[in-house]
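Asks: Take this structure first; my questions come after.
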Amino acid sequence: MNLLISAAEIYTPGPIKGRKLRGLFACTAAAFACDMPPIDGLAYDDLLAAYARFTAEQADRVIRRGDNLGEIEDRLYAGAYRMGRELRATFRITTTAEALAAAKVLYRALGIDLRATPGGEITVHRCFFSAYYAAPVCRLIASLDAGLFAGLSNGGQLAFTRRITEGNDCCLAHFRGNNP
């Protein structure tokens, strides 16, 4: 097992979580071509709630306006892919199992209870964002998930089949890694 991921499973310092969440905030704002709200000085839990509100508002705005969602999905994916690649290098990820273990750590920091089998079956029983997102917003924002997983795994693919925001008791997805 990857020692860096094992250490992060035990404890991730608040300042590191905050820095990564601020990076996700910035990449999301860039994808929506808008400014970030003021977030300086926010404690981590407040920052996470601000991010949830921001993403819900921005996604709802572009959906209601009828913007080209394909372009926005591509930008969300690309930004998260870059973050995933950086994390892949930081954690020295070389296998699909390590990519899934890192995703579990990252998602736990975001209030998401992500479970994954070695075969890539993913279940989310609890998601912080489900209290903020309507189903169409969740489908759009899932481009971030796909990009992050692809970056962590050198191009793997994530596909959701069920979502909490659609009235289900959990989210289900399948991940096919690509680690060479």
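The values are calculated or read from the model by the stated rules, or taken from the named source; none is laboratory data. Worth saying up front: this structure is predicted, and the values here are computed from it rather than measured. FYI the Cβ positions are ideal-geometry reconstructions off the backbone, even for glycines, and counts take in every protein chain you see. The area values use the complete protein model at the heavy-atom level, side chains included, leaving out ligands, DNA and RNA. Shrake-Rupley method; radii C 1.70, N 1.55, O 1.52, S 1.80 Å.
Asks: Looking at D113 and the list (1) crowded, with 20+ Cβ neighbours inside 10 Å; (2) within 18 Å of R162 (Cβ to Cβ), which single condition is not satisfied?
Replies: (1)
Asks: Here is a further query. Within region 49-72, how many residues are in a helix (DSSP H, G or I), over 12 Å from Y133 (Cα atoms) and open to solvent by 70 Å² or more (accessible area, probe 1.4 Å)?
Replies: Residues flagged as in a helix (DSSP H, G or I), over 12 Å from Y133 (Cα atoms) and open to solvent by 70 Å² or more (accessible area, probe 1.4 Å) within region 49-72 amount to 3.
Asks: Among the residues of region 145-171, count how many are open to solvent by 50 Å² or more (accessible area, probe 1.4 Å) and either at positive phi or among the aliphatic types (A, V, I, L, M) (or both).
Replies: So the answer is 2.
Asks: List every residue pair whose Cβ atoms lie under 8 Å apart, where the two residues are 6 or more positions apart in sequence or sit on different chains, the first residue falls within region 65-94 and is polar (S, T, N, Q), and the second residue, located anywhere, is modelled with pLDDT under 95 and not in a loop (DSSP other than H, G, I, E, B).
Replies: Pairs that qualify, where the first residue is polar (S, T, N, Q) and the partner is modelled with pLDDT under 95 and not in a loop (DSSP other than H, G, I, E, B), are T90/L4.
Asks: Among the residues of region 100-126, count how many are of a type outside the set (D, E, K, R) and either free of Cβ contacts under 8 Å to residues at least 40 places away in the same chain or within 15 Å of L144 (Cα to Cα) (or both).
Replies: Residues flagged as of a type outside the set (D, E, K, R) and either free of Cβ contacts under 8 Å to residues at least 40 places away in the same chain or within 15 Å of L144 (Cα to Cα) (or both) within region 100-126 amount to 9.
Asks: Is it the case, given these coordinates, that A97 is surrounded by 15 or more Cβ atoms within 10 Å (Cβ to Cβ) and free of Cβ contacts under 8 Å to residues at least 60 places away in the same chain?
Replies: yes
Asks: Please go through region 122-180 and give me each residue that is assigned to a strand (DSSP E or B) and at pLDDT below 95, ordered by number.
Replies: R176
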